[in-house]
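Okay, structure first, notes after.
The values are calculated or read from the model by the stated rules, or taken from the named source; none is laboratory data. Keep in mind that this is a model prediction, so the values were computed, not measured. In this analysis, Cβ positions are derived from the backbone assuming ideal geometry, glycine residues included, and neighbour counts consider all displayed protein chains. These area figures cover heavy atoms from the full protein model, side chains too; ligands, DNA and RNA do not enter into them. Shrake-Rupley method; radii C 1.70, N 1.55, O 1.52, S 1.80 Å.
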Amino acid sequence: MKNKYIPLSKPFFGKEEKAAVAKAMDSGWVTLGPKTFEFEESFKKYVAAKYAVGVSSATAGLHLAMIVANIKKGDEIIAPTFTFAATINPALHLGAKPVLVDIKKDTFNIDTDLIEKKITKKTRAIVPVHYAGQTVNMDQVMSLARKYKLLVIEDAAHALGSKYKNKSAGSIGDMTVFSFHPIKNITTGDGGMVTTNNKSFDELMRLYRLHGMNKEAWKRLSKTGNWYYEITVPGYKYNMTDIAASIGIEQLKKLKIFNKKRKVLKDLYSKEFKEIPEITVPFVHKDSEHAWNLYSILLDIESLKISRNDFIEELKKYNIGSSVYFMPLHLHPYYKKILGYKKGDFPNAEWVYERILSIPLYPAMSTSDVLYVARTIKSIIKKYKKN
Ligand SMILES: *Cc1c(COP(=O)(O)O)cnc(C)c1O
């Protein structure tokens, strides 16, 4: 039994991030300004996109992307049911209808073979989600989008550092949204980034992220600036801050090391679980370079006398955090009510939901912590095995 709690995830900050925050504070300018632009520059280089727009969260980024995609009342977007609410809530805010699609049982990603029959005259965009950092079949998504003249807005909240056929997530769809929430591959406290190769999307998102002002404050308020601005669209307050960007610049430098460490640790888990028939370890598709934001196993609940939820409670007794990513959207009361979905509509997502368990994985985790978690899981399985 470990004395310390092993959480599902934990951000890692070094002295570089702390020094960068202090420097931003001392600079006299802490909100959207030069540091955000610097972070945007290094971010777009990293994912090989032409433009990157720093925002306050991926949720804000998804909202901006859908606004500049001109998604409006009566339109439809296509998204997987196996995702976080933030993937579809922005569409609802715009009066559009999210049309959900089932997932594949191996990758937990949207089943791209099921998308075409969900496309109607009202469909405007496909919003694929790269679950846990494993990329969606983007060839199929992009070819459907071209055929039906739809936009592709990727939810890459888990996928910073992921690649699809050697192309970085963030360089494929029309717009790609990343998250810097503390559970993601890098963090700025909270924050997000939208990448695109489309100049007008970039310009519009910059406008909408800060009230719709045609001149950003740090340019107006600098010594050489001028106070005058005009409102050209009804914008939002979705900008990144320079404090957050200062953290992000340093975190991005460490991303390769972070993701490499995640991979080493997940290999250790998968090795430990190799001989355990009650556990299915994550499958990795050959076209995907996985960023391992989450390590999610499937429990063979038919051969166990314990439910997945009780398994989580049992792990807590051993000071181990774990969680469920995700409860499918169509099972949440609100979406059931307004979108008319019911249990049984997406059998694969429901099957996965009953069995899935995300267990601790983060760069600062030690190999002995991984072994402790793996061995505890194996001992619980042994204890609750049927006959
Ligand atoms: C975390 C997450 C988001 C939201 O990210 P925020 O930066 O917290 O807004 C969106 N989609 C998915 C799939 C996520 O996991």
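For the range 195-272 versus the range 308-350, the spacing of their alpha-carbon centroids is 31 Å. Protein heavy-atom surface of the chain, 1.4 angstrom probe: 56% of the accessible area is carbon and sulfur, with nucleic acids and ligands not counted.
Of the peptides 66-79, 128-141, how do they stack up when ordered by the mean number of other Cβ atoms within 10 Å, highest first? Intermediate results must be reported in sequence, preceding the final value.
Working: 66-79: 20.0, 128-141: 24.4.
Peptide ranking by packing, descending: 128-141, 66-79.
Think of it as helices only: each DSSP H run of n ≥ 4 in the chain is worth -39500 (n - 2.57), and spread over all residues that comes to -11500 deg cm²/dmol at 222 nm. Note the angle between two axes, namely the Cα long axis of helix 367-384 and the longest principal axis of the Cα atoms of the chain, as a number of degrees from 0 to 90, rounded to the nearest 10. Between the helix axis and the principal axis of the chain, the angle is about 50 degrees.
Let me check I have the definition right: for the chain, take the eigenvalues of the Cα gyration tensor, multiply each by 5, take square roots. What are those semi-axes in whole Å, largest first? Walk me through the intermediate numbers first.
On the way: eigenvalues 260, 146, 57 Å².
Equivalent ellipsoid of the chain: 36, 27, 17 Å, largest first.
Across the range 251-284, the residues whose backbone nitrogen lies under 20 Å from the label position 7 Å along the beta-carbon direction of residue 300 are 269-284.
What does the charge count around residue 33 come to, taking other residues whose C-beta lies under 9 Å from its C-beta (Lys +1, Arg +1, Asp -1, Glu -1)?
On the way: positive: 35, 219; negative: 216, 242.
Neighbourhood net charge equals 0.
Of all DSSP-defined beta bridges confined to the chain, some 65% are antiparallel rather than parallel.
Restricting the trypsin sites (Lys or Arg not before Pro) of the range 260-363 to loop positions (DSSP other than H, G, I, E, B) with no more than 15 neighbouring Cβ atoms within 10 Å leaves 274, 286, 305, 342, 343. Between the helical axis of 58-68 and the longest alpha-carbon principal axis of the chain there is an angle of about 50 degrees. Taking the DSSP beta bridges with both ends in the range 1-155, the antiparallel portion is around 10 percent. Most tightly packed first, judged by the mean number of other beta-carbon atoms within 10 Å of their residues, the peptides 253-259, 289-295 read 289-295, 253-259. Loop only by DSSP, 14 or fewer other Cβ within 10 Å of the Cβ. Give me the trypsin sites (Lys or Arg not before Pro) in the range 87-121 that pass, ordered by residue number. Hits after loop and neighbour filter: 121. Pick from 267, 155, 174: which residue has the top mean-square fluctuation in a GNM of the chain where Cα pairs under 10 Å get a spring? Among 267, 155, 174, the largest mean-square fluctuation in the Gaussian network model of the chain belongs to 267. Size estimate for the range 1-139 follows the Kirkwood approach: the inverse of mean 1/r over distinct Cα pairs works out to 18.1 Å.
Send over a whole-number figure in Å² for the accessible area per residue of the range 15-252, probe 1.4 Å.
Numbers: 9610 Å² over 238 residues.
Counting only protein heavy atoms, the per-residue value for the range 15-252 is 40 Å².
When you restrict to C-alpha pairs under 8 Å that are six or more residues apart and normalise by the size of the chain, the relative contact order lands at 23 percent. Seen from residue 283, the other residues with C-beta closer than 13 Å to its C-beta sum to a net charge of +2, counting Lys and Arg as +1 and Asp and Glu as -1. Using the alpha-carbon atoms, what tilt in degrees (0 to 90, nearest 10) does helix 15-27 show relative to the longest principal axis of the chain? Approximately 20 degrees, to the nearest 10. The lysines whose alpha-carbon is closer than 18 Å to the alpha-carbon of residue 50, local same-chain residues fewer than 8 away aside, are 163, 167, 199. Excluding same-chain neighbours fewer than eight residues apart, the aspartates and glutamates reachable from residue 15 by a Cα-Cα span under 16 Å are 250.
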